[in-house]
Amino acid sequence: MKLWRIILLILLIVATAGCARRIAQILTPTVEPLSRVEAADIDFADDLDIESLNLAVDRSISYYESAGRNNVYRVADRLINAAQMKESLLNFRNIIKENSSIDDKKRRISREFDVYRAAGQDGSGGVLFTGYYVPRLAGSRTRTEKYKYPLYKPPPELISRKNSISSYYSRKEIDAGGILQGKNLEIAWVADPVELFFLHIQGSGEIKLEDDTILTVSTWRTNGRPYRSVPRYMLEKGIINGSSASNSSVKRFLKGKNEDDIYEILSYNERYIFFRFVEKPTGSLGKPVTSGRTIATDPEIFPPGALAFIRLNKPAFDRQGNLINQRVPFSRFVLNQDKGAAIKGPGRVDLFCGFGEAAGIIAASLKEKGELYFLVAK
């Protein structure tokens, strides 16, 4: 029996001792997704501002102090509890805040942290990165002739059973069939069913009312049905060609189509999102997401809340802000603070690109192979 399995067994016995003690939730992946590498071989260069990094770190610390405080994580051959994960982030925050040169900070990180590389899609470290963002849609609190496509809050039966219903109404039954109409579940209305569909895909968004009020919505529940990729479906059916299998190409194809045609295609993805109003868009940890610093991964594989480091290429823009056919390398520290229905396995990462149209352009253009590392204090 491997050493980590023995340690895991001992930890389970200790965690379950005493009926009054709360049982720790141990998050252990079913594969070997991480392997330790030499920290000194990595240039911990960061292309973003220190303020956003501090903010993202603080949000993960808050998670380890609250909802995640009883979790235990396996990182390669180590079992690490939430208190240790928090202490690791505190150590990192002290380093990046200290009054020293960037090179000195890099050397201290290399000395004081163990670094683990993600196995990636093929086991050799190649990770596919995509992007997501918070879209902004024009909308209304009430139904009008212009704003007639609703965002729903979850029905009471979904709230009480916490997503345990796996056969709840499909996207087609809800959107095309109107099965939830008249149940007082609408929280807002928007003008475009296609943009609404992609709000479902992103999971969070902003609704701008005609008086300039901004309503922020985020995922509360789903219908429990599986996520299926509409761009991939359209590509396989020959509806779009191989060079344009993206969310942008789906939008272009559906623009101007009638509702029946739109729903016929979009209903391929049966997964449906029910929303609630929030102060700020939040990730799966229940904490706000941070532009450029939050990543989504598979929580069954990588430790939620953890500090990570990424290296890949990103889209380039000209001086007028227009996307150009060029990629530039970058690297930065990020925090593992979200998950996604399509983000599964050790070789997928979704990077939160920010808010609004500009972030949407970056997110839509980001589909790159790169590297993912996790850092834990020694």
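The values are calculated or read from the model by the stated rules, or taken from the named source; none is laboratory data. The structure displayed is predicted, hence computed values, not measured ones. A quick note on method: Cβ atoms are made from the backbone with ideal geometry, for glycine too, and the neighbour counts reach across all protein chains shown. In case anyone asks, the SASA skips ligands and DNA or RNA and just uses the protein heavy atoms, side chains included. Shrake-Rupley method; radii C 1.70, N 1.55, O 1.52, S 1.80 Å.
Tally time: how many residues in the stretch 189-213 are assigned to a helix (DSSP H, G or I), open to solvent by 30 Å² or more (accessible area, probe 1.4 Å) and out of contact with any Pro (no Cβ under 9 Å at 6 or more places or on another chain)?
Adding up the residues that qualify gives 1.
Based on this model, can you work out whether G305 counts as more than 18 Å from V127 (Cβ to Cβ) and surrounded by 23 or more Cβ atoms within 10 Å (Cβ to Cβ)?
So G305 fits the description; yes.
Restricting to the stretch 26-41, and then to whatever is assigned to a helix (DSSP H, G or I) and among the small types (G, A, S), can you tell me which residue is modelled with the lowest pLDDT?
Restricting to residues being assigned to a helix (DSSP H, G or I) and among the small types (G, A, S), the top hit is A40.
Results for (1) more than 23 Å from R74 (Cβ to Cβ); (2) open to solvent by 50 Å² or more (accessible area, probe 1.4 Å), shown as yes or no for each residue.
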site	(1), (2)
K106	yes, no
I109	no, no
A118	no, no
Q121	no, yes
G125	no, no
G131	yes, no
R141	yes, yes
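Please state which one of I159, I179 is under 30 Å from T213 (Cα atoms), open to solvent by 10 Å² or more (accessible area, probe 1.4 Å) and part of a helix (DSSP H, G or I).
Just a single option satisfies the conditions, and that option is I159.
If we only count strands (runs of 3 or more DSSP E) wholly inside the stretch 268-378, which ones have 1 or more residues that are without any contact (Cβ under 8 Å) to a residue 12 or more places away in the chain? Spell out how you get there, then give the answer.
Working: elements: 273-277, 294-296, 307-317, 323-338, 348-355, 367-377.
In the stretch 268-378, the matching strands (runs of 3 or more DSSP E) lie at 307-317, 323-338.
Scanning the stretch 281-302 for residues that are closer than 25 Å to P155 by Cβ and open to solvent by 30 Å² or more (accessible area, probe 1.4 Å), which turns out nearest to the chain's Cα centre (by Cα)?
Of everything passing the filter in the stretch 281-302, S284 is nearest to the chain's Cα centre (by Cα).
Output the number of residues of the stretch 281-320 satisfying the condition of being out of contact with any helix residue (DSSP H, G or I) (no Cβ under 7 Å at 6 or more places or on another chain) and within 18 Å of L48 (Cβ to Cβ).
Selection size over the stretch 281-320: 13.
Quick one: K86 ticks every box in (1) open to solvent by less than 20 Å² (accessible area, probe 1.4 Å); (2) touching a helix residue (DSSP H, G or I) at 6+ places or on another chain (Cβ under 6 Å) bar one, so which box is it?
(1)
Tell me, which strands (runs of 3 or more DSSP E) wholly within the stretch 42-147 include 2 or more residues that are closer than 25 Å to S331 by Cβ?
Of the strands (runs of 3 or more DSSP E) lying wholly inside the stretch 42-147, those with at least 2 residues that are closer than 25 Å to S331 by Cβ span 71-75, 78-81, 113-118, 127-134.
Which number in (1) touching an Asp or Glu at 6+ places or on another chain (Cβ under 9 Å); (2) open to solvent by 20 Å² or more (accessible area, probe 1.4 Å); (3) among the hydroxyl-bearing types (S, T, Y) marks the one condition that T216 misses?
The number of the failed condition is (2).
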